[in-house]
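Have a look at the structure below before the remarks.
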Amino acid sequence: MPPLFSTAPRQVLAWQRLVLGILLLAAALGVGSCRPQPDASLPVFGSPDSPRLRQVVAGLQSGLAPRRLELVTVPEFAPSADETLNRIRAQRPPLLLVLGSPALLRVAPVEKRLPVVFAMVANPYVVGVAPDPEHPDIHQKNITGIASPPPVQAALEQGARLLGPASWGLLYDPQEGQAVEVAQLFTHLAPAYGLTPLTETSSDAATDLPALKRLVSRGVRVLYLPPTATASRYAPLMMSWGREKRIKVVSSQPEVDHQGAILWVALDYQALGREAASLAQRVLAGERPEDIPIMEKMPLQIVADESLLRYWSGYPGVPGL
């Protein structure tokens with residue numbers, strides 16, 4: 001009768017222990033390789049490139065260090081943009097950061113699994129990632145982010161408080177979608193602050209000056225410089241009028257030198273980047289984008305020019321232009 005228990009030779013036991021150790025080590029290495037490394041790079045897909053986008057990236061980098069960011073920007077209507085996006089998606093990063101409405105418009109329809117965090121998007125509800133601004137918790141499951149509307153309301157509120165009731169003028173380019181949206185906001189919101197909104201349009205540098213002069217001839221006492229791309233075209237002219245004390249200027253342009261504006265109310269894009277970095281950290285830590293409602297953040301920079309305020313306190317009218 002064979003023994004109930006057999007004792008393997010020492011050589012066999014040693015070999016079994018060696019094989020078991022190798023298997024355990026391989027398993028441990030395999031698990032570790034699936035985890036995002038603390039310093040792993042993250043792709044940032046942005047459109048279009050701009051100084052304000054670079055400010056957001058700077059804020060993201062400070063909030064996500066020591067991770068590196070790999071910034072890829074594409075023109076808004078570039079035919080090659082989809083190919084560039086597909087190359088990024090094929091890398092299957094732990095998270096895709098998306099900056100700008102044009103970039104999000106490209107990402108949302110094609111990427112349904114990769115976690116996505118967006119920022120620098122004024123209205124994600126018209127981009128297609130969420131159906132209803134009344135329910136920011138309902139959105140595309142793999143996407144969450146930060147909505148940052150243009151600071152039109154803040155500029156009107158601060159301006160009315162500082163300068164009192166007056167007629168405000170806005171020049172905008174009807175060929176730019178965001179400029180049209182800002183003009184609609186301006187016209188809709190101004191009366192609530194005791195302001196009379198007047199608008200003119202111009203689609204070319206050659207017609208900017210006549211359009212601004214028409215606003216002044218219609219009785220405008222304050223010119224509002226909106227935070228739109230096309231407004232940078234005539235911003236230097238408006239700022240020169242402000243410096244020369246020819247008219248009061250309120251600016252929401254984040255990049256243009258605001259010397260000459262009696263009041264500057266603009267988004268702080270680096271702070272916005274830091275807000276987006278905090279949100280990205282939550283997703284990287286394991287929170288599901290579908291469980292994080294879309295947030296609205298408008299970190300502001302507000303500066304009043306004391307010398308212009310003193311000057312205009314004694315001159316309510318507008319000298320001839």
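Taking the longest Cα principal axis of the chain as reference, the axis of helix 81-90 is set at about 30 degrees. Other residues with beta-carbon under 10 Å from the beta-carbon of Glu290 carry, at +1 per Lys or Arg and -1 per Asp or Glu, a net charge of -1.
Connecting C-alpha atoms closer than 10 Å in a GNM of the chain, tell me which of Val72, Val249, Val110 has the biggest fluctuation. Sorting by GNM fluctuation, first place goes to Val110. Taking 0.36 nm per residue of sequence separation and removing the Cα-Cα distance, the Val72/Arg243 pair yields an extension gain of 57.7 nm.
Inverting the pair-averaged 1/r between distinct Cα atoms of region 151-211 gives 12.1 Å as its Kirkwood hydrodynamic radius. Springs between Cα atoms under 10 Å define the GNM used for the chain, and in it the highest mean-square fluctuation of Gly177, Gly219, Gly194 occurs at Gly177. For the chain, a Gaussian network of Cα nodes joined below 10 Å ranks Ala229, Ala192, Ala206 by mean-square fluctuation, and the top entry is Ala206. Peptides 236-245, 130-139 ranked from most to least packed give 236-245, 130-139, packing being the mean of other C-beta atoms within 10 angstrom over each peptide's residues. Please compute the net charge surrounding Ala155, taking Lys and Arg as +1 and Asp and Glu as -1 over other residues with Cβ under 13 Å from its Cβ. After counting each charged neighbour, the total is +1. Helix 269-284 and the longest principal axis of the C-alpha atoms of the chain enclose an angle of approximately 20°. The lysines whose alpha-carbon is closer than 19 Å to the alpha-carbon of Lys248, local same-chain residues fewer than 8 away aside, are Lys213.
Hey, could you get me the Stokes-Einstein D for region 157-291, Kirkwood radius over alpha-carbon pairs, 20 °C and 1.002 mPa s, rounded to whole µm² s⁻¹? Result for D is 133 µm²/s. Rounded to two decimals, the Cα radius of gyration of the chain over 2.2 N^0.38 Å is 1.40.
Straight-line cross-link reach from Lys141 at under 16 Å between alpha-carbon atoms covers these aspartates and glutamates, not counting any fewer than eight positions away in the same chain: Glu111, Asp132, Glu287, Glu290, Asp291. Computed on the chain, with alpha-carbon pairs under 8 angstrom and 6+ residues apart, the relative contact order is 19 percent. Summed over qualifying helices (DSSP H, 4 residues or more, each -39500 (n - 2.57)) and divided by its residue number, the chain shows a 222 nm mean residue ellipticity of -13000 deg cm²/dmol.
Sorted fewest first by neighbouring Cβ atoms within 10 angstrom, Tyr311, Tyr224 come out as Tyr311, Tyr224. For Pro226, the shell of other residues with beta-carbons less than 15 Å away shows a net charge of -4, using +1 for Lys and Arg and -1 for Asp and Glu.
To the nearest ten degrees, helix 10-34 and the longest principal axis of the Cα atoms of the chain are 10 degrees apart.
We did not get these values from a lab; they are worked out from the coordinates using the rules stated. Given the structure is predicted, the values throughout are model-derived calculations rather than measurements. Note: ideal-geometry Cβ built from the backbone for every residue, glycine included; neighbour counts use all protein chains shown.
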